[in-house]
Amino acid sequence: MVGSPDAGSRKQSRAEPGFVELHCISNYSFLRGASHPEELVHQAMTAGYAGLALTDECSVAGVVKAWQQLQQQPVENFSLIIGSEFRYRNECFVVLATDKLAYSELCRLISACRQAAPKGDYVFHPRDLVQYIRRGLLLWRPATAAPDYLPALTAHFRGRFWLLVELSLTDADEPHQRQVETIARDVELPIVCSNNVHMHDPKRKMLQDTLTAIRLNRTVTEIKQHLLPNAENYLRPLKNVRKIYKQAYILESLVIAERCHFRLEEIKYLYPKTCVPAGLCARDYLRQATYEGARRRYGDTVPEQVKATIEKELGIIAELNYEYYFLTIYDIVKQARKMGILCQGRGSAANSVVCYCLHITEVDPTEVSLLFERFISRRRNEPPDIDVDFENARREEVIQYIYEKYGRDHCAIAATVITYRAKSALRDLAKALGINMLQLENVIANYGWRYRDKHNWVDEVITPALSLDNHMLDCFKQLLTELVGFPRHLSQHVGGFVISEPPLIDLVPIENAAMADRTVIQWDKEDLEALGLMKVDVLALGMLTALRKCFTYISTASGKPVAMSSIPRDDPRVYGMLQKADTVGLFQVESRAQMNMLPRLRPEKYYDLVVQVAIVRPGPIHGDMVHPYLRRKHGEERVDVPLKELEPILNRTYGVPIFQEQVIALAIKGADFTPDEAEELRRSMASWKREGHMHRLRQKLTDNLLRKGVSQDYVERICRQIEGFGEYGFPESHAASFALLAYASAWLKYYHPTAFLCALLNSQPMGFYRPWQLIQDAQRHGVTVLPVDINRSEWDYTLERRGEVLRLGLRSIKGLSEPAAELICRHRPARGYAAVEDLFAIPGIDKDTLETLASANALAPLGGHRFQQRWNTSGFDFYRGLFAAQAPQGYQIREPSRIEDLFEDHAMLGFSLHDHPMAYLRDQGVLSDCIAAELLGEVQSGTELYIAGVVINRQRPKTSAGVTFLTLEDETGSMNVIIWLQNALRQMEELVKARILKIYGLLEQDKSGGVIHVIAYRLFDISSQLERFSSKSRDYH
């Protein structure tokens, strides 16, 4: 991130005192500090400082980044001190850690302050220092001469207490220093100086002002009294420090630094041991559990090959002392299964037979040729990474089990640092500078479609959208460039749990998460990896919820238990459905790109599905590996492996590398990479295009493959493929785990479509499609869907007639709350409600709820159409009042027209079971020249035609070279549309805003007849034909 410090800049006269900056915040004091921790450390070293204390506000979130900078560019005798500042009224207290125990005290103080307040805030009083800090040092910048807590502090911190003098070259300096010196004489405290650093360079002052405005939610011009008076709060050159402060105060910084010898390297992580039963050691218990699982997996006679693999893995695990890690995951997974929660490990853990035998993963590595060393290696000085997916609906139960089992002081969720991206930076910056957001909002909303891949996006976004003079425009661009990538706040990791044997609170502060009953540490994934702390990934997956619910529905209807293990493997009918891209609602293979690939790849067995999941990713696409794979799989091209030693690696994918593991193995076997270089390659794939040191690896890969006779074209494609993996690529182990779920979801859709639909709907939100798209797809497959009914519907969607038909749930009604629906269901008589007046009597029900039910046509069983139902609910006010006898009776309201019914359905449900907006328009003659979706297969490829439909989704993947993919839907099915970049830019308004599109274009159909799409030439927004029609597409960019 930053360069090496100039050694010459550190030279100083022996007569000149050194200096340690003891009060410095980074941008991890969110929206206050204007420099990264790495920049501060680098600048302090370059300026010749003897050390730096990073003292972010009630936080140590940035210290690992600072420590890593020092590790990368060590400077002799430079000290990185860890501390934190705390603010109370106008006073500032800085605590510095002297040793490991003092650091633990600081972590506990920060934790206590953070946990006493909502997320993002803290509560502090100076008396907390007396309670928590027994070994650390205290620096105090006073605002009043003799606060009431001062005697307690001076008594408690005797010999560990300094007054801070911080001068900003303003008129306030003299009275400030005089006050500090007076207090020092009165209470006999030493004085030390500091620059109260907010930035590494004074050029960041404009950014610091802007951050302050963002934090206060005001414009910069409105908060002048809150801004730093000048740019002096930076790491001043030492000559300036010596001019500003007395030498005695400077020397005192060295005295303090001498007492602070704690280093982050002293943090030693210990795995939790409570997962091992009394009387057993971890090694024996892991072996016992593994072989018990092996007998369940392979039968009483475990194959010798499997035994050998188990012994090899257990040996490496024992050598690296990872037994407790595996047993912790085993304990969590075992408890989840005991609770009836579906779960499955994925990622590199699927390379392990031990994980398979412990039922952590479901992929048998002996069947899929996975590589254990991808998971654990003697050469990697880091713990393994086991990702386990749990049902998203019940993951919280697992999380609370972890808290209960290991204790809240011993575990918490890892942090994720939320940084500014283009859109958020534009919005916050414009607001802080007082720019009219209306000028910018439309451009921001469409940023992903128009500007994402452009290097000059700043110029294209800002210049035409804002009316700014040249100076203001230059400032805006500079600030925007600096703000993108800046940390904004801490959030929680998607599921990374840190669990430790000693109290975790002694290693890192624990604070409240935004969600109730959750806590989060102040370090992120990269910090944990740098320090070697174990992270357990407890992830949420909606498809697991849907699968478990589907199994329950089928078992209830049939009386026979159904589970993942009972699904027959390699069913040709299921693969036939997949080959037709009939995959709406299926896991991992329902996107447009996957649907386009399925008829071309034509999966016939499980491993084909593994490839299918992985092949539509940037790695294989950028490496131009997709088409060669398809041709070779279907016998259209000879299988050719460039080197004989690569045959064991590439034969299973017809000589074409598809997976990350294959590329790494290719580098070892084909390009003579050492295992350490291969590991460096694996780690660096994400930064292949950015990091300069990667040039060496790329050069070696290229030179050695060429020397062995591999063609230049093949080598270049491998390099492009590695770049693609940097964008996003699936390891084989990951794809293998996901392929199991993809197949299970396909089997359920084929054999139990109604139960599968019900499970999907009751597991929302999840997946690629909205509920109404899932319902209409199921209807086209013959599933009967019954309307919402006040007497039959529960909150969830339900199955009726022994699971053969689906009933809409009350949850499908927009604007109906779950508590109101529960009231209706709880008070519903066995015979059902007979009249709307029965609903009036429900305690806690209100008129708005009844009108919502009527508008959704849920009251139809009580008599009358929706307009009549809505009129009937007007008697509610009379019923609840003194004049029940005067309630309106018997008044007949006209029936809604077809279009009114359609509008009402879409307004209240988001769809109509009985009609479609495109059917209405076709009947009105609006679509007389448009071909229906179900007829596109009869049109000859190369024909120009018109189509029209409701916009279902818009996609512009990073791999698409600017191409936008649309899905339109009419009353007969869906249609795939491709829009090239120039057409998209020329018709951006229609592309982005239309709810109903008419398109003129060219129909293309591949040789297999499975992939049909229309290349769009012209887009026509015909949304105005149905002004009241409401439909929101799902857009991915």
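Give the residues of region 799-837 that are over 38 Å from the mean Cα position of the chain (by Cα) and either touching a residue at least 24 places away in the same chain (Cβ under 8 Å) or not in a helix (DSSP H, G or I) (or both), sorted by residue number.
Those that are over 38 Å from the mean Cα position of the chain (by Cα) and either touching a residue at least 24 places away in the same chain (Cβ under 8 Å) or not in a helix (DSSP H, G or I) (or both): Arg801, Arg802, Arg828, Pro829, Ala830, Arg831, Gly832, Tyr833, Ala834, Ala835, Val836, Glu837.
Answer yes or no: is there a residue in region 820-837 that is closer than 30 Å to Met918 by Cα, modelled with pLDDT of 90 or more and surrounded by fewer than 18 Cβ atoms within 10 Å (Cβ to Cβ).
Scanning region 820-837, I find no residue that is closer than 30 Å to Met918 by Cα, modelled with pLDDT of 90 or more and surrounded by fewer than 18 Cβ atoms within 10 Å (Cβ to Cβ), so the answer is no.
For region 972-1031, give me the residue count where each residue is at pLDDT below 90, closer than 26 Å to Leu601 by Cβ, surrounded by fewer than 16 Cβ atoms within 10 Å (Cβ to Cβ) and not acidic (Asp, Glu).
Adding up the residues that qualify gives 3.
Taking into account only those residues within region 503-518 that are crowded, with 23+ Cβ neighbours inside 10 Å and not aliphatic (A, V, I, L, M), which is nearest to Ala102 (Cα to Cα)?
Pro509
Results for (1) modelled with pLDDT under 95; (2) of a type in the set (Gly, Ala, Ser); (3) assigned by TED's automatic domain parsing to the domain that holds Cys24, shown as yes or no for each residue.
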site	(1), (2), (3)
Gln225	yes, no, yes
Asn240	no, no, yes
Tyr245	no, no, yes
Ile256	no, no, yes
Val276	yes, no, no
Arg295	no, no, no
Ala308	yes, yes, no
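When region 586-603 is examined, which residues are found to be in a helix (DSSP H, G or I) and in contact (Cβ under 8 Å) with a residue 40 or more places away in the chain?
Arg592, Ala593, Met595, Asn596, Leu598, Pro599, Arg600
What is the residue count in region 186-237 for residues that are in contact with a Pro (Cβ under 9 Å, 6 or more places away or on another chain), surrounded by fewer than 18 Cβ atoms within 10 Å (Cβ to Cβ) and of a type in the set (A, V, I, L, M)?
1
Might you let me know whether region 784-796 holds any residue that is within 30 Å of Arg569 (Cβ to Cβ) and either in a loop (DSSP other than H, G, I, E, B) or aliphatic (A, V, I, L, M) (or both)?
No, region 784-796 contains no residue that is within 30 Å of Arg569 (Cβ to Cβ) and either in a loop (DSSP other than H, G, I, E, B) or aliphatic (A, V, I, L, M) (or both).
If we only count helices (runs of 4 or more DSSP H) wholly inside region 362-458, which ones have 2 or more residues that are within 30 Å of Gln662 (Cα to Cα) and either in contact with a strand residue (DSSP E or B) (Cβ under 8 Å, 6 or more places away or on another chain) or modelled with pLDDT under 90 (or both)?
365-368
Among (1) in a helix (DSSP H, G or I); (2) modelled with pLDDT under 95; (3) closer than 25 Å to Ile615 by Cβ, where does Trp772 come up short?
For Trp772, the failing item is (3).
Condition first: surrounded by 24 or more Cβ atoms within 10 Å (Cβ to Cβ), part of a helix (DSSP H, G or I) and small (Gly, Ala, Ser). Can you find one or more residues in region 613-622 that meet it?
Among the residues of region 613-622, at least one is surrounded by 24 or more Cβ atoms within 10 Å (Cβ to Cβ), part of a helix (DSSP H, G or I) and small (Gly, Ala, Ser), which makes the answer yes.
Within region 272-294, is there a residue that is within 30 Å of Leu54 (Cβ to Cβ) and either within 36 Å of the chain's Cα centre (by Cα) or not basic (Lys, Arg) (or both)?
So far as region 272-294 goes, yes, one or more of its residues are within 30 Å of Leu54 (Cβ to Cβ) and either within 36 Å of the chain's Cα centre (by Cα) or not basic (Lys, Arg) (or both).
Taking the options Gly949, Gly942, name whichever one is at pLDDT 90 or above, small (Gly, Ala, Ser) and surrounded by 14 or more Cβ atoms within 10 Å (Cβ to Cβ).
Answer to the check: Gly949.
Looking at Ser733, Ser711, Ser763, Ser793, which is the one that is assigned by TED's automatic domain parsing to the domain that holds Ala835 and either more than 24 Å from Asp970 (Cα to Cα) or modelled with pLDDT under 90 (or both)?
Ser793
Any idea how many residues of region 24-63 are assigned to a helix (DSSP H, G or I) and either surrounded by fewer than 24 Cβ atoms within 10 Å (Cβ to Cβ) or without any contact (Cβ under 8 Å) to a residue 24 or more places away in the chain (or both)?
Qualifying residue count for the region: 4.
Quick one: would you say Val663 is in a helix (DSSP H, G or I), modelled with pLDDT of 90 or more and surrounded by 15 or more Cβ atoms within 10 Å (Cβ to Cβ)?
When the stated conditions are applied, Val663 does not pass them.
Going by the structure shown, is Tyr920 among the aromatic types (Phe, Trp, Tyr) and assigned to a strand (DSSP E or B)?
So Tyr920 fails the test.
For Arg215, work out the one condition from (1) at pLDDT 95 or above; (2) farther than 25 Å from Pro17 by Cα; (3) touching a helix residue (DSSP H, G or I) at 6+ places or on another chain (Cβ under 8 Å) it doesn't fulfil.
(3)
Any idea how many residues of region 80-117 are surrounded by 19 or more Cβ atoms within 10 Å (Cβ to Cβ), in contact (Cβ under 8 Å) with a residue 40 or more places away in the chain and among the small types (Gly, Ala, Ser)?
So the answer is 5.
Identify, by number, the condition in (1) outside any helix (DSSP H, G or I); (2) crowded, with 16+ Cβ neighbours inside 10 Å; (3) out of contact with any Cys (no Cβ under 9 Å at 6 or more places or on another chain) that Gly345 doesn't meet.
With (1) outside any helix (DSSP H, G or I); (2) crowded, with 16+ Cβ neighbours inside 10 Å; (3) out of contact with any Cys (no Cβ under 9 Å at 6 or more places or on another chain) applied to Gly345, the lone miss is (3).
The values are calculated or read from the model by the stated rules, or taken from the named source; none is laboratory data. On a predicted model such as this, the values are computed, not experimentally measured, just so you know. So basically every Cβ, Gly included, is an ideal-geometry build from the backbone, and we count neighbours across all protein chains shown.
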